[in-house]
Amino acid sequence: MIAIIDYDAGNIKSVEKALIALEEQVVVTRNPEEILGADGVILPGVGAFGDAMKRLESYGLVKIIAQVAERGIPLLGICLGLQLMFESSEESPGVKGLGLLPGRILRIPDGGERKVPHIGWNDLKFPHRGRLFRDLPEDSYVYFVHSYYLQARDTDIVTATTEYGVLIHASVEKDNIFACQFHPEKSSGVGRKILQNFIAVVKSTDK
């Protein structure tokens, strides 16, 4: 069973549909017992960093997510879910993130014909090929929708990058924690394979 954390994030339904299409058992929940009892957990998200942290705190989910990480349960952050895993964001000064991984979230700089938010398909490079990208070729295209990007403090955890005016840390992996700035649930066959690879990690992990 994979638990999708429900904190009123925008892309929950699309993530749920993608997992159901892969014939996975899924529960959309904010119940601590269901989250901690799941084989894998997904933290989705679309919206503002500060608002999202406020909702996670109001639902008592900040401590639960920390426990998921501590217990070694595979945890996947998607889009804003990736950003929330880090320490802070320029979008919401003074607001602390979950702090599961070291790094900060910065605004994509405006420039020339480049538009912000960054919406569309970009190719990935794999500086350290992580388990999410097993059997996928470098330069695979995935779908992004974001105005802010990750600058991880520890580049050893960065498994995929893309370019959009700046070098964007597009995916990370450390132990049981995974995250993607892009939307695998909207990234066609490549995204399907990424979700399958996460499911494979879930199934190979003894809780």
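The values are calculated or read from the model by the stated rules, or taken from the named source; none is laboratory data. It should be emphasised that the depicted structure is a prediction, and the values quoted were computed from it without experimental measurement. Counting neighbours? That spans all protein chains shown, and the Cβs are built from the backbone with ideal geometry, glycine included. What goes into the accessible areas is simple: the full protein's heavy atoms, side chains included, and nothing from ligands, DNA or RNA. Shrake-Rupley method; radii C 1.70, N 1.55, O 1.52, S 1.80 Å.
Can you give the percent of C-alpha pairs in the chain whose distance is more than 23 Å? When all Cα pairs of the chain are counted, 38 percent exceed 23 Å. Given a Förster distance of 30 Å, report the FRET efficiency between Q196 and R71 from their Cβ-Cβ distance, rounded to the nearest 0.05. The formula returns an efficiency of 0.80 here. For K174, the lysines whose Cα comes closer than 22 Å to its Cα, not counting residues fewer than 8 places off in the same chain, are K63, K96, K125, K193, K203, K207.
The modelled label-to-label distance for the pair T155/I119, using points 7 Å beyond Cα in the direction of Cβ, is 3.2 nm.
In the range 146-207, the ratio of gyration radius to Kirkwood radius, Rg to Rh, stands at 1.00 when only Cα atoms are counted. Computed from the C-beta positions of S58 and K13 and an R0 of 22 Å, the FRET efficiency is 0.55 to the nearest 0.05. Describe numerically, in nm with one decimal, the distance between label points set 7 Å from Cα along Cα→Cβ at Y141 and at V95. Rounded to a tenth, the inter-label distance reads 3.3 nm.
Put a dot 7 Å past the Cα of K203, heading toward its Cβ, do the same for R131, and the two dots end up 1.3 nm apart.
Per-residue ellipticity at 222 nm computed for the chain from its helices equals -8000 deg cm²/dmol, with DSSP H segments shorter than 4 residues left out and the rest contributing -39,500 (n - 2.57).
Per-peptide packing, taken as the mean over residues of other Cβ atoms within 10 Å, places 82-88, 195-201 in the sequence 82-88, 195-201 from highest down. Taking 0.36 nm per residue of sequence separation and removing the Cα-Cα distance, the V27/D175 pair yields an extension gain of 50.9 nm. With 5 Å bins beginning at zero, the pair-distance distribution over Cα atoms of the range 1-40 amounts to 6, 27, 33, 23, 11, 0 %. Within the accessible area of the range 44-158, what % is carbon and sulfur when the probe is 1.4 Å and the other protein chains stay in place? Here it works out to 48 percent.
Mean projected area of the Cα convex hull of the range 76-150, taken over all directions, amounts to 5.8 nm².
Which of the lysines could a cross-linker span from K13 if the Cα-Cα distance has to be under 18 Å and same-chain partners fewer than 8 positions apart are dropped? Once the sequence-local lysines are set aside, what remains near K13 is K186. For the range 160-176 and the range 88-126, what is the separation of their Cα centres, given in Å? Between the Cα centres of the range 160-176 and the range 88-126 lies a distance of 10 Å.
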